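Notes follow the structure.
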Amino acid sequence: MEFRWLLFVLISSSAMLITQSDTTTKDPDWSDVVVTMVGREVTLPCVDWPLTGSVSINWKMKSPGVDHWKLVLSANERQQFSGAASKASMRLVDSNFQETGDFSLLFVPKMEDKGRYSCLIKQQEKKLREKIILLAILTVSIFPSATLPHHSTLRLMAEVSPASAVSEVTWLSPGGTPLRLARRSGGGVAKLPQIRLTDQGVYICQVYPRGNSSSPMFPFTVDLRVDGMNVASFTNISHSAQISMASLTQTPLTLACPPMRGDYVLLYWKPPDSRNINTTTLVYGYDRWRDRTEQSKTHAQLSLDGPLSTPKEGFFSFLLSPGQNDGGLYMCEVFFNDNAFSQRTLLSILQVKARHSPSALVLTCHYTERSQVKRVVWSHQNQSRTLKWSSSGPGRLSTEVPLSPTQDTAGNYTCTMQLQNGQAVKAVYTVKLPLKDNTESTTSISPPHPESNSASLLPSLLSALLLLVPLVAAVAGVLLWRQKDISRRGIEQSLSHYSGEVENIYENPEDVRQDLKPRGEDDVYEELDRYKSCSLLETSTSQDLSAKA
């Protein structure tokens with residue numbers, strides 16, 4: 001039972017999918033499409049070969065959403081009469097249709113005349129041929145008007161009814177460039193913000209029919225002019241509450257814009273601590289319809305990359321990595337049609353700079369947009385230590401650290417800036433204890449690992465030992481030579497005092513020099529042997545003298 005139920009569900013689902021596929025891929029039930037505008041004369045083409053005998057033509061019409069047909073016009077070679085759906089302007093293109101084979105219908109349509117039209121040709125009261133033509137009506141709207149104020153937002157709106165008659169609608173500029181289009185069913189909207197004199201000219205709306213059509217595309221032209229003497233003014237401006245912000249230099253921050261969808265955005269900037277209202281400048285502009293960006297070189301670090309920014313969709317926010325002078329007032333203005341929305345942000349920037357004086361390291365805290373700053377203070381990581389600071393000018397607060405820092409004066413020095421709204425930012429400067437070759441450091445240095453210390457000391461010890469070996473050898477040599485010299489002099493003096501018959505083995509100084517010359521690796525042992533023989537000689541001589549005495 002469960003298997004049968006599962007099989008039934010699978011078959012039903014497959015049938016539904018096949019039905020939906022057939023519905024979406026089903027060809028249109030018309031053989032031709034004609035697109036026109038209200039008030040423009042249009043011809044519904046119905047042409048065949050010239051016919052002989054009794055020939056008649058019947059034109060019928062069926063409105064969208066209606067199931068039945070209404071007679072528009074009926075004619076034969078003898079007479080013509082109108083039906084219930086006929087209009088005063090409706091007529092056959094050629095009254096001699098039997099001979100020419102042209103059964104086309106001509107009239108000036110209204111919006112209610114859209115729909116399907118049937119051209120039924122009979123010969124000898126028998127159906128010879130039938131052609132279904134879909135008549136679609138295009139509506140073009142221009143705002144503000146065909147003559148545009150300078151800097152206004154041009155809106156070109158195109159809509160085709162019924163929408164099923166067309167596959168695409170496009171707009172071309174006077175130069176032939178396709179305009180960006182916000183597509184809708186059966187049409188779309190193209191916009192050109194901040195219109196200029198160079199934008200005037202003939203714009204072309206191109207309508208591409210869906211399905212079979214005797215014409216691949218229907219073009220419609222619109223001639224637009226720009227009034228250079230009349231400048232658009234945006235009096236309907238909505239202002240959001242001003243935002244107060246504080247930041248450190250080179251720390252990315254978000255400059256908010258109004259959260260409404262817009263056609264384009266302009267960002268103005270007033271330098272910090274400026275009292276001149278004429279110093280406001282445009283630093284960034286983006287037009288999403290033209291995909292055009294204008295950016296000031298003074299704010300190259302500014303981008304439309306805020307966390308809530310999707311510029312091509314019309315939602316904007318900015319990302320700024322500020323420098324010391326990038327504080328001040330930022331005004332983000334978003335424009336949509338004839339409406340404007342404004343968001344202001346007052347920004348203060350904090351930065352610490354260090355310089356050396358003859359007696360101290362001077363730390364200076366620089367801060368901007370002082371109008372919203374409540375207080376600025378210096379503090380040390382040792383909270384019990386009170387710092388002295390002074391101001392060298394507006395927006396500057398300095399404190400001094402004596403050269404050759406000690407345990408008390410080294411550490412983190414913090415400059416804290418607090419705004420009127422309570423927001424605070426801190427900039428920290430680190431003073432290190434003196435090193436052997438460097439008495440002050442502004443960056444933290446990680447202590448080396450003990451293993452790395454022992455590994456680095458081993459080559460140094462080996463190098464020192466290698467240097468000591470020749471030095472020890474030289475000292476030992478000198479000591480040996482001095483010992484030999486003293487011993488020889490003692491023997492000479494003993495022999496000279498007690499007997500003049502004993503020969504002095506170092507009588508000649510040249511012999512001393514010869515003896516001191518190196519004679520190979522056994523020199524030390526030869527000298528030791530000579531020293532031993534001299535000692536034996538000295539002992540025997542002393543014994544002889546004692547015997548004589």
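General observations
- Value of D in µm² per second that Stokes-Einstein yields for region 116-193, Kirkwood Rh from Cα pairs, at 37 °C (0.692 mPa s): 215 µm²/s
- Those residues of region 343-358 whose amide nitrogen sits under 13 Å from the label point placed on residue 273, 7 Å along Cα→Cβ: 348-351
- Per residue, region 49-166 exposes 48 Å² of accessible surface when a 1.4 Å probe is rolled over the protein heavy atoms with every protein chain present.
- Residues with amide H under 5 Å from that of residue 46, placed H, sequence gap 5 or more: 103, 104, 105
- Accessible-area value, residue 93, 1.4 Å probe, nucleic acids and ligands omitted, Å²: 60 Å²
- Added length on full extension, which subtracts the Cα-Cα distance from 0.36 nm per residue, residue 389 to residue 377: 3.5 nm
- Rounded to the nearest 0.05, the FRET efficiency derived from the C-beta distance between residue 40 and residue 324 at R0 = 60 Å is 0.40.
- For residue 147, the accessible area of its heavy atoms, probed at 1.4 Å with every protein chain present, is near 80 square angstrom.
- Ranked by the mean number of other Cβ atoms within 10 Å of their residues, highest first, the peptides 156-162, 262-268 fall in the order 262-268, 156-162.
- Too-long pairs where the Cα-Cα distance tops 18 Å, listed order kept, from 87/122; 353/374; 270/353; 191/297; 353/426: 87/122; 353/374; 270/353; 191/297
- Using Cβ point charges alone (K and R +1, D and E -1), the dipole size of region 106-247 about the Cα centre works out to roughly 560 debye.
- Take each peptide in 79-89, 35-45, count the other Cβ atoms within 10 Å of every residue, and average; sorted highest first, the result is 35-45, 79-89.
- Virtual spin-label span in nm between residue 404 and residue 339, 7 Å along Cα→Cβ: 7.2 nm
- Solvent-accessible ranking of 168, 125, 400, 369, largest area first, probe 1.4 Å: 125, 400, 168, 369
- Where 378, 49 fall by accessible area, highest first, once all protein chains stay in place (1.4 Å): 49, 378
- Using the Cβ-Cβ distance between residue 312 and residue 151 with R0 set to 35 Å, the FRET efficiency works out to roughly 0.95.
- Ranking 289, 260, 279 by Cα position along the charge dipole of region 250-320, where only Lys, Arg, Asp and Glu carry charges on their C-beta atoms, puts 279 farthest toward the positive end.
- Estimated distance in nm for a label pair at residue 29 and residue 396, the labels positioned 7 Å out from Cα along Cα-to-Cβ: 8.6 nm
- With R₀ set to 56 Å, the beta-carbon distance separating residue 231 from residue 420 gives a calculated FRET efficiency near 0.90.
- Per-peptide average of other Cβ atoms within 10 Å, ordering 325-337, 187-199 highest first: 325-337, 187-199
The values are calculated or read from the model by the stated rules, or taken from the named source; none is laboratory data. Quick caveat: nothing in here was measured; it's all calculated off a predicted structure. As a convention, Cβ positions derive from the backbone with ideal geometry for all residues, glycine included, and neighbour counts pool all protein chains shown. The area values use the complete protein model at the heavy-atom level, side chains included, leaving out ligands, DNA and RNA. Shrake-Rupley method; radii C 1.70, N 1.55, O 1.52, S 1.80 Å.
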